[in-house]
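Below is one structure, written out as C-alpha cells; the observations come after it.
What follows draws every value from the coordinates through simple rules; no lab data is involved. What you see is a predicted model; the values in this text were computed from it and never measured. We place every Cβ from the backbone using ideal geometry, glycine too, and count neighbours over all the protein chains shown.
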Amino acid sequence: MPLPQVPGVLTAEQAAATGDWIASVQLPSGAIPWFPGGHVDPWDHVQAAMGLTVAGHADAAARAFAWLGEAQADDGTWAAKYVDGEVVEDHVDANFCAYVAVGALHHHRVTGDDAVLARTWPVVRAAVDAVLTLQADDGTVRWARSADGSVADESLLTGNASIHMSLRCAIALGRVVGVDVTDWQDAAARLRHALDEHPERFSPRGRHAMDWYYPVLGGALHPDEASVLLDKRWDEFVVDDLGIRCVHDHPWVTGAETCELVLALDAAGRHDDAVAMLAAMQHLRDDDGSYWTGLVYADGKRWPVETSTWTAATVLLAADALSRTTGANGLFRGEGLAATAPGEDLAAYPEEPCPCLAS
C-alpha cells in the first residue's frame, strides 16, 4: 500500500515511521492511549486508529475498532476517559461518541474490508442513536451527559461541527450497508441549520482555534465561504513558520490543531497554504517519528512534555489529504458526503453498496 508523502515536507519513509510509532503505543486490548502510559478517550483513540490505517497498519486499526465494540456501554456510549481499561471519567461526551462513524467510514474507504465494517456497523449505529438523544429542539447537540443521567445545558460549536461530520459519515455508512438512515439525515440537517444560521445557540469559546476552523472541516461549506471564514481570524491564530495557536491569547502552538487547519484549508481549496502549514509544524517531529503535542514559543519549551498519538495521526491524515494517496484522502473535503441540506436527495452521494451487510 502506498504511503502519503508531501514533497519537501514529509517522505513516505517518515510517514511509515510515524505509523510504526503509533502502533508501538497501542495496548494489547486494541486501545490507543494519548501517549505511552497515558489515558484513552474515544475521540482521540479513533483519530489514532485512522492514522494507523493511513500508514498501512489496517489490522491494528481493526483491533482499535474491536476495542470500541468491547468497551461500548449497553446504551451505545463510552465514558470520557479510561486508564488501564478502567473508567476514570464517567460522563459521556457526545462528540467523543459520534466520532466512531468517521473512523469506520475512513477504514472502509481505505481498505474495502467488509468484514471489519460488518463488525463495526452495529457499534456505529448504537453510538449515533445515543448521541441523537442529546439533540435539543433547536438542532444543537448538548455536549455531555453525566453518569446520573443529567444532561449538560451547553452546546459547543467545535463539538457540534465535529458531530455534523460524524453524522454525514454515518449516513454514508448506512447507504453502504443498505439501511434507511432518514432520521439521521433529518437530524444532521437540523444541526447544519443551527451551525450556519444560529451561532448564538452555542456557548462562546472564541479564544480557541478549533471554534474558528472546525465548521470548515468535512467540506460542508462552499470553498469560497470556507476561505472567507478562515481569513477572518487568520492573523489571530497563525504563527509564521511554527503553526497555529491553540488559543489566540497564548504563545503556544499545537501540532494537531495545525494539521486540522491543514485539512480545513484543503477543504477550502487552498492547497499551497495547506502545504505551508504542514511544513510549519514539522519542528514538533521527533527522531522516532512521533510528534510533540505543542511548543510554548515564547521560551522555546515543549508543552505538554509528551508526544501524542492523536497528533501523529493528524499529521498522517493531513499528508494523505494533500497527497491524494488513500481511498479516504477526500473524507475531510467531504467527498461523497451529503451536505445535509433540508430535503437533500441522498442519491446524489452514492457509496458502493454491500447488501450482504444489511441488517
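How much length is gained on full extension from residue 250 to residue 198, taking 0.36 nm per residue of separation minus their Cα-Cα distance?
Answer, rounded to one decimal: 15.9 nm.
Grab the Cα-Cα distance for residue 302 and residue 66, subtract it from 0.36 nm times how many residues apart they are, and report the gain in nm with one decimal.
So the chain would gain 81.6 nm between residue 302 and residue 66.
Could you compute the FRET efficiency for residue 335 and residue 233, with r as their C-beta to C-beta distance and R0 at 25 Å, rounded to 0.05?
0.45
For residue 241 and residue 271, calculate 0.36 nm times their separation in residues minus their Cα-Cα distance, and state this gained length in nm to one decimal.
Gain on stretching residue 241 to residue 271: 9.1 nm.
Let's test the formula: R0 of 35 Å, r as the Cβ-Cβ distance of residue 283 and residue 222. What FRET efficiency results, to the nearest 0.05?
0.55
Quote the charge dipole size of the chain about the Cα centre in Debye, to the nearest 20; the model charges only the Cβ of Lys and Arg (+1) and of Asp and Glu (-1).
Roughly 320 debye, rounded to the nearest 20.
At what distance in nm do the modelled label points of residue 148 and residue 88 sit from each other, each positioned 7 Å from its Cα along Cα→Cβ?
It works out to 2.4 nm between the two label points.
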